[in-house]
Amino acid sequence: MKNIGLIFLFFSSLISFAQELEFQQKNGGLLLLENGMPRYFYRTSPVDTISPFARTNYIHPLYGLQGEVLTEDFPDDHLHHHGIFWAWHQLYARGERIADPWMNENIRWKIIKTETEVKEKEAILASEVLWINKTTSEAVIEENLLLTFKRYGNDIFSLDFSIKLTALVDGVAIGGSEDAKGYGGFSPRLKLPGDVCFTSVTGEVKPQNLPVQAGPWINISGHFNPSLDKPSGVVIMGEPEKLPSYQGWILRSASSMQNMAFPGRNTVSIEKGGSLTFRNQLLIHSGLSSEEIAEFYCSF
């Protein structure tokens, strides 16, 4: 019964929204179009071979409801931040520390294959990625990304991320920053408006230097599109109860990423042949209440 409102919203809004989804191969990656309007770009080859921070396997740009760009890539304050990305400071293989993926040090991501599928109301992108030790050219992790776009109405669409990390060698482990923040994991770098506001199940959330405990989702709202009178929002959802050594939310009101931090400064091991899987969702919307977002979370 708790999802009746969400179901009604979904089907009633689809009546007035004709949808045509299409993936286009572009220089450096894949662009998803909806009725000719861009929704996101998935990068499969680096922007260049010069920058030490250039990489693959992330989303930028992510576009808003009116086609506005919501994300930042190579921002001056953190050149290693890339749109919607996921990374950790510590990477071990064969029991030795080999790289800092957060800073793009001694690692590269090689896209093995990317497949797409368009259905009536959703677009699916599946990508197989190898994490490669630059020093030895050895692949130490195989990543499988499943990214699903869904339209829920004129003012709502979502991106679902399912990420599976499989250890290819012995002694694989990942860990976050080695400080009290412990950041690492799924990290959207958004172009935050001046009137940005953070809310969750408990109401308004104030960003702090250290992780904040604020529930399984955060709504980041404000005038992302200055040309519109009304504010819009980006909701970040996750499954904190399924994350190993979950730390909480790293939130920043300017010049940084937002992060569901895990596993903190202590590493988590992945046995050879074993996997670590986590899921996140982005909900791009205009005008959703906290109660409506909570219903979407139940569906997620």
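No lab work stands behind these numbers, since they all come straight from the coordinates. Quantities reported herein were computed from a predicted structural model and do not represent experimental measurements. Quick reminder, even Gly has a Cβ in these numbers, built from the backbone with ideal geometry, and neighbours come from all protein chains shown.
Quick one: which residues, 5 or more positions from Leu70 or on another chain, have an amide H under 5 Å from its amide H? H modelled 1.01 Å from N in the peptide plane, none for Pro or chain starts. Sorted by chain and number, the residues that satisfy this are Leu62, Tyr63, Gly64.
Mean separation of Cα pairs under 8 Å and 6 or more residues apart, divided by the residue count, gives the range 4-299 a relative contact order of 16 percent.
One chain, two ends: Phe74 and Thr49. Fully extended at 0.36 nm per residue, the span grows by 7.6 nm beyond their Cα-Cα distance.
The modelled label-to-label distance for the pair Ala126/Lys110, using points 7 Å beyond Cα in the direction of Cβ, is 2.2 nm. Evaluating 6.51 cos²θ - 1.76 cosθ + 1.60 at θ = phi - 60° for every residue in the range 48-53, the Karplus couplings come out as 7, 10, 9, 5, x, 9 Hz, glycine and proline recorded as x.
Helix 290-299 and the longest principal axis of the Cα set of the chain meet at an angle near 60°. Modelled spin-label separation between Met37 and Met103, with each label point placed 7 Å from Cα along the Cα-to-Cβ direction: 4.1 nm. When all alpha carbon pairs of the chain are counted in 20 Å bins from zero, the resulting P(r) reads 34, 59, 7 %. Take the Cα of Lys26, step 7 Å toward its Cβ, do the same at Glu291, and the gap between the two points is 3.9 nm. Each Cα pair under 8 Å and six or more residues apart adds its sequence gap; the mean of these over the residue count of the range 245-297 is a relative contact order of 23 percent.
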